[in-house]
1. Give just the number: which of (1) closer than 17 Å to Met618 by Cα; (2) at pLDDT below 95 does Lys470 not satisfy?
2. Restricted to segment 157-212, and to residues that are of a type outside the set (Phe, Trp, Tyr) and without any contact (Cβ under 8 Å) to a residue 12 or more places away in the chain, which residue is surrounded by the fewest Cβ atoms within 10 Å (Cβ to Cβ)?
3. What about Asp591, is it crowded, with 16+ Cβ neighbours inside 10 Å and of a type in the set (D, E, K, R)?
4. Being over 24 Å from Asn212 (Cβ atoms) and among the polar types (S, T, N, Q), is that true of even one residue in segment 86-98?
5. If Asn553 satisfies every condition in (1) part of a loop (DSSP other than H, G, I, E, B); (2) without any contact (Cβ under 8 Å) to a residue 60 or more places away in the chain but one, which is the exception?
6. Condition test on Asn151, is it within 17 Å of the chain's Cα centre (by Cα), within 24 Å of Leu42 (Cα to Cα) and modelled with pLDDT under 90?
7. Take the residues in segment 121-146 that are under 20 Å from Ser174 (Cα atoms) and of a type in the set (Ser, Thr, Tyr), then tell me which one is nearest to the chain's Cα centre (by Cα).
8. Could you grab me the full set of residues in segment 416-462 that are on the phi < 0 side of the Ramachandran plot, at pLDDT below 95 and of a type in the set (D, E, K, R)?
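The values are calculated or read from the model by the stated rules, or taken from the named source; none is laboratory data. Note that this is a predicted model, so its numbers are computed, not measured. A quick note on method: Cβ atoms are made from the backbone with ideal geometry, for glycine too, and the neighbour counts reach across all protein chains shown.
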Amino acid sequence: MKFFVLCFLLSLGLSLAFSSITTGYSPGDIQFLYLGFVGTNLSVDETATITSNGLLELTNGTLGSKGHAFYPSPLHFLTPDGKVQSFSVTFVFGIRSSYLSMTRQGLAFVVAPSKNFTDALPNQYLGLTNIVKNNNPTNHFLAIELDTVQNVEFNDIDSNHVGIDINGLDSIHSHTVGYYDDISGSFHNLSLNSGNPMQVWVDYSGEAKQINVTMASLEMEKPARSLISTTYDLSTVIQESAYIGFSSSTDEIDSRHYVLGWSFSMNRPALKIDIAKLPKLPRNGQKPRSKLSEIILPIASASFITVVGAVIILLLRRRLHYAELKEDWEVEFGPHRFSYKDLYHATEGFKNRNLLGAGGFGKVYKGVLKSSKLEIAVKRVSHESRQGMKEFISEVVSIGRIRHRNLVQLLGYCRRKGELLLVYDYMSNGSLDKYLYCFEGKHTLNWDRRFWIIKCIASGLLYLHEKWEKVVIHRDIKASNVLLDKEMNGRLGDFGLARLYDHGTDLQTTHAVGTVGYMAPELIYSGKASPLTDVFAFGIFLLEVTCGKRPVNHNIDDDRAVLVDWVLKHWREGSLTETVDTRLHGDYNVDEACLVLKLGLLCSHPFTNERPNMQQVMQYLDRELPLPELTHADMSFGMLSLMQDEGFDPFTLSSSIGTMSSGISGGR
């Protein structure tokens, strides 16, 4: 009998080491404490799981995933008169990833009428809602979000915040993560990206209708002053029967979200979490490398060491010649990865005779893959060049999955220490600007071919803006970035400056990037790019192709001319056809040329509300819609004077814009 009692007490003690649950006298009066989650019966879904050492792992590093964990039974939150009872929550959490100090999205404590979140989205929606249901009053959920991304669409204050969410992700109150010191009263920052575990306290007073959220690092006691304190009657949100738990999501960084311990009480303070009994978070950063190379093997003789050392040195030198960089995130993206050895042999060691061109981004080489005999173009970029790692990753993530007949296809890539390599389809006829300005002995293009190339680029740009799964802003449309394939079809290339945005989100960026002469006024003033800044550059491109002139010119008398103003002057004087490239010798379709010139003026209008979108541009070019009649009132502007009035001069702009962003390339 004594043996039986001893065994029972031992098993009870082991169980309490992980969790303790106490139920009060009424159905709504409940209290529980989890110190780790081994043996618990939490309801988990999707990526959420309980690890062998007792961690509640909400996301496992899978990109674009979500996970949920809920207390298995619904709780009764309402009193008989329909008021939400007081409750108290505390939990310890941690966020880790393969990249030190870099995670994406976050997790949230949630009170909801259901455990079913199958229609919720990951990424910025934290697995709680979606674009249609966000902020819908019928959601009836309260969430305390811990977010590592500043989502403009939800009016987030920064990329390291805690917020109180009611029925959606637009927080009613939020604050940068941290705590107030009990002695000095000063605020101290904490970082969700630090990888360190932190503790959160959430207290709701049913009588005062007040929500308090407090945070601290793991080893600290609960600070006296709350981080967030706001009044809100949760009786309008929480239903009589509701579930409590956690929701989390990831996007393009393999973040892992953990809960180490959890305490909840109704109508009393939550039980204190004993941090000494909590499971440990996994090691932050990437997995440690094997230490086999550090094991000292027995050495038979000095001569043997010399021979082995010489062999190793020779092998290492050979391997380093073709050495590459590979990281975990690259596995998740589409483009095929080429070996540096294959690219080295394809370009004959990157010899100058295979050099196709050079610019601010680096050098481009022609190559032929030995295995398939496929002709390729290899863009070789150093880390120190203007187009560095950020632009490289943008190309790898976006273009590798884009397929369109009028866009230059990214076939794959390679990474080495100190340099990046992108592999494209080889365009045998080079760039359009060489034909417009007769470089390298190229003959000029007739009008039919020019008009066809214009429609090709319009089609490609429409796909980027409206037809692909994400909005892609090219940001550097110009003749030198239009390449011609063997059938002389136009293809839009050089996406090194492209930015991606989800459809329906804020499409503005904050880096003035582009080429002088093609940049819309609002892009120069504010640095904010949008599809309409691409439309502006496309309008300049239309004028350039039709007139055979650069956007900004110095003539023989050193008079300075802006192409838009020159074409606009002739339009006002009724002599628009005099702007058509004289190298065509009058052999062109007058109606088509005038259509393109007027459309170019409309697209390059300084005011965004006057510009068409690319869908309308295609309809104008295909004669499916009549071009709006241009009036002198609509076109009463001068681009040069307009920019100089605002303190900008396109002839000296390159130096001033260069201080705004190192990504600007000079005009060709």
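1. Of (1) closer than 17 Å to Met618 by Cα; (2) at pLDDT below 95, only one is false for Lys470: (1).
2. Within segment 157-212, the match that is surrounded by the fewest Cβ atoms within 10 Å (Cβ to Cβ) is Ile183.
3. It is false that Asp591 is crowded, with 16+ Cβ neighbours inside 10 Å and of a type in the set (D, E, K, R).
4. yes
5. Asn553 satisfies every listed condition except (1).
6. Here the answer is no, as Asn151 does not meet what is asked.
7. Step by step, filter segment 121-146, then rank; the result is Tyr125.
8. Scanning segment 416-462 gives Arg416, Lys417, Glu419, Asp425, Asp433, Lys434, Lys442.
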